[in-house]
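Report on one structure; see the data block that follows.
A short reminder: the numbers here are calculations on the coordinates, not readings from a lab. Note that this is a predicted model, so its numbers are computed, not measured. Reconstructed Cβ throughout: ideal geometry from the backbone, glycine too, with neighbour counts over all protein chains shown.
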Amino acid sequence: MRTLPLLNSPAAGCDCRRCPWYAGDDAADPAAVIAPLCSGSNSTCAYCGCARAESSAPTGACATCPVRCGSRTDITAWMADLGGTLEFDDVAFDTTLPAGLPRFIPQLDGSRVTDWDSQLRWPAYGVGLRRVFSPATGTIYRRFVGADVHQVLDLRPGQLAVLVGYGEDPLVEAFWTRRRAQALVEQIAAGGWDLVLAPNYSIFGNWPRAQHLISMRMSLLIAAELADAGVPAVTNLYWYRLEDLRRWITWIDDTGPAAIAINLQTVRDDADWTSWALPGLHWLAENLPLALPVIITGLSRPARIRLAIALFGTRLHLVSQNPHQFALHGAVMTDRGRADRHARPVDAFTASVSYIASLLDRPGADT
């Protein structure tokens with residue numbers, strides 16, 4: 001790993017010509033370009049109303065800003081935390097998927113699994129990060145501290161515990177910021193999780209491009225830190241441009257990860273699905289190594305599930321909390337979506353889990 005000066009941060013004011021990561025041919029000083037990994041600023045940065053640009057800006061405005069950019073007064077500290085670079089090629093780690101991981105993993109709320117599992121005896125269950133880690137206190141919830149997660153969740157012998165490390169931005173940002181002071185990674189490792197889908201850091205189209213680059217680097221580093229602590233961790237892939245997908249493929253080809261994960265929980269409306277998620281999924285299906293497992297979280301519509309199956313075949317694993325959420329209201333998932341049946345929760349849960357699993361096992365699902 002080469003050591004880079006920490007002053008090689010994204011340029012202030014999104015000034016591409018002076019940015020050390022700019023891939024264009026009009027840089028003010030081409031020799032100062034560290035790595036040409038960004039094709040330029042976003043067409044809109046509507047989310048970034050930089051308080052420093054206002055004459056009435058309060059002192060320390062950057063400290064309350066959710067966006068990281070080259071104009072931040074603390075950008076050097078953020079670059080130090082990222083290892084001084086926005087590249088991927090210095091990160092590699094070994095991990096393995098647990099044996100017997102099913103193609104569908106239902107996600108529960110962190111309570112006892114046994115009652116929900118009474119009719120299924122399902123091989124694995126997932127739990128979201130917000131059920132394990134508190135952003136308010138920056139600590140692991142007491143019931144998980146120093147305890148085997150299999151016992152906390154009341155899993156049967158042989159059932160796998162999967163930590164789905166996704167959540168709203170305040171949650172995953174707090175995990176990053178406090179992970180060292182609170183030994184969060186070490187505590188996750190001590191819990192004995194069979195698989196951890198590492199936290200993913202957001203990429204929104206109306207954020208500065210610098211934030212995209214930082215978020216992708218954070219997502220990769222947090223997975224590496226978990227893996228280095230002995231956790232079977234899988235990196236989450238986010239992207240915004242084709243160049244991002246190409247960078248991920250280069251990293252995958254160079255390092256040979258055990259699997260990759262994709263979180264689509266935030267892709268709710270059709271516009272985001274058709275303009276961002278779907279093209280990216282098609283591209284990944286064509287360019288990922290053919291045997292590489294793909295773990296997708298957040299698909300809830302049968303049509304989208306079928307499309308993912310068509311793209312990735314038998315290497316696809318799905319994680320979803322919909323069976324549990326529907327069951328709390330006596331509803332089940334069907335070919336037409338949610339159906340209110342006023343069923344007993346355990347019966348509704350069993351029906352939905354069985355239905356999604358059947359989609360994955362139907363003829364044609366291995367295409």
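Annotations for the structure displayed:
- Working from label points 7 Å from Cα in the Cα-to-Cβ sense, the Asp74 to Thr255 distance is 2.6 nm.
- Rg/Rh ratio calculated on Cα atoms of the chain (Kirkwood radius): 0.98
- Each Lys and Arg Cβ is given +1 and each Asp and Glu Cβ -1; about its Cα centre, region 104-361 then shows a dipole of about 300 debye.
- Residue-wise HN-Hα couplings along region 295-302, as the Karplus relation 6.51 cos²θ - 1.76 cosθ + 1.60 with θ = phi - 60° gives them from phi, are 10, 10, 10, x, 7, 10, 8, x Hz; Gly and Pro carry x.
- Restricting region 281-367 to trypsin sites (Lys or Arg not before Pro) in coil, as DSSP defines it, with at most 14 other Cβ within 10 Å: Arg336
- Close amide-amide hydrogen proximity is noted between Leu160 and Ala124, Tyr125, each under 5 Å apart and 5 or more residues distant or on a separate chain (H modeled in the peptide plane; Pro and chain starts excluded).
- Antiparallel content of DSSP bridges confined to the chain, in %, to 5: 20 percent
- Stokes-Einstein translational diffusion, region 125-188 - Kirkwood Rh over all Cα pairs, 1.306 mPa s, 10 °C, in µm²/s: 130 µm²/s
- Solution diffusion estimate, µm²/s, Stokes-Einstein, region 232-367, Kirkwood Rh from C-alpha pairs, 37 °C, viscosity 0.692 mPa s: 207 µm²/s
- Couplings 3J(HN,Hα) for region 96-106, derived from phi with the Karplus relation 6.51 cos²θ - 1.76 cosθ + 1.60 (θ = phi - 60°), are 9, 7, x, 5, x, 5, x, 6, 10, 10, x Hz, where x marks Gly and Pro.
- Positive end of the dipole of the chain (Cβ unit charges, origin at the Cα centre): among Val185, Val231, Gly146, the Cα lying farthest that way belongs to Gly146.
- Rounded to the nearest 10 degrees, the inclination of helix 209-228 to the longest alpha-carbon principal axis of the chain is 50 degrees.
- 3J(HN,Hα) from dihedral phi, region 235-242, Karplus parametrisation 6.51/-1.76/1.60, rounded to Hz, x for glycine, proline: 6, 8, 9, 10, 8, 9, 10, 4
- Placed amide H near Gly40: partners under 5 Å, 5+ positions off or other chain: Ala23
- Amide H contacts of Phe133 (H built 1.01 Å from N, in plane; Pro and chain starts excluded): Tyr141 sit under 5 Å, all sequence-distant by 5 or more or on other chains.
- For Cys38, Cys19, the sequence from fewest to most other C-beta atoms within 10 Å is Cys38, Cys19.
- Sites count as exposed loop sites when they are GluC sites (Glu not before Pro), lie in a DSSP loop, and have at most 15 other Cβ atoms within 10 angstrom; the longest stretch of the chain without one is 169-367.
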